[in-house]
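Step one of this worksheet: look at the structure below.
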Amino acid sequence: MRLGRNADGTVQTPDTDQGAYAGWYDRSAPPGDNGTAVIVGHHATRYGHAVFHDLRALGRGDLIDVTRADGSHRTFAVQRKEQVAGSALPGERGYVNSRGPTLRLITCAGVPDAARHPAGDLIVYAVPGGARR
């Protein structure tokens with residue numbers, strides 16, 4: 001799913017009622033190309049767990065398989081993860097450009113605010129590596 005920006009300049013989130021899909025931020029590099037690819041997904045929806053619900057469980061060396069628009073796959077290995085206050089996108093923390101291919105997975109995280117929206121983001125940083133399982 002391709003994601004752009006909302007009218008207020010924030011990054012779009014996948015527009016699926018049940019949160020089953022993640023989306024690629026189209027102002028980032030395609031996954032596997034030089035630069036940083038950013039993929040955004042929901043942690044939970046009103047229906048329950050969503051596609052990135054278990055992102056917090058990923059650890060260093062865990063593999064992430066990304067299916068590109070052309071159907072090809074790229075595999076990335078988790079380097080680290082970070083929880084940040086406020087919105088990580090737009091901003092350098094979420095999608096700093098790199099010389100080689102890198103991946104950022106981003107979902108909301110943190111204590112909910114008055115509107116019941118998490119007050120921060122969880123970012124998983126990954127680099128190419130490993131073999132597809």
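The values are calculated or read from the model by the stated rules, or taken from the named source; none is laboratory data. Computed from a predicted structure; not experimentally measured. In this analysis, Cβ positions are derived from the backbone assuming ideal geometry, glycine residues included, and neighbour counts consider all displayed protein chains.
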- Item | Selection from region 15-60 of residues that are of a type in the set (Lys, Arg) and either at pLDDT 90 or above or within 15 Å of the chain's Cα centre (by Cα) (or both) | Arg27, Arg56, Arg60
- Would you be able to tell me the number of residues in region 28-79 that are β-branched (Val, Ile, Thr), free of Cβ contacts under 8 Å to residues at least 60 places away in the same chain and more than 12 Å from Val127 (Cβ to Cβ)? 4
- Run down Gly23, Gly41, Gly48, Gly4 and say which single residue is out of contact with any Lys or Arg (no Cβ under 9 Å at 6 or more places or on another chain) and either at negative phi or crowded, with 22+ Cβ neighbours inside 10 Å (or both). Gly41
- Message: Which residue is surrounded by the fewest Cβ atoms within 10 Å (Cβ to Cβ), if the candidates are limited to region 62-88 and must be among the hydroxyl-bearing types (Ser, Thr, Tyr) and closer than 20 Å to Gly19 by Cα?
- Response: Thr67
- Message: Quick check on Arg74: is it assigned to a strand (DSSP E or B) and modelled with pLDDT of 90 or more?
- Response: yes
- Query: Looking at region 7-20, which of its residues are in contact (Cβ under 8 Å) with a residue 40 or more places away in the chain and buried (at least 20 other Cβ atoms within 10 Å of the Cβ)?
  - Reply: Val11
- Item | Unique match (being outside any strand (DSSP E or B), loosely packed, with under 14 Cβ neighbours inside 10 Å and of a type outside the set (Asp, Glu)) among Gly32, Gly59 | Gly59
- Considering only residues of region 77-112 that are out of contact with any Phe, Trp or Tyr (no Cβ under 8 Å at 6 or more places or on another chain) and charged (D, E, K, R), which is modelled with the highest pLDDT? Arg99
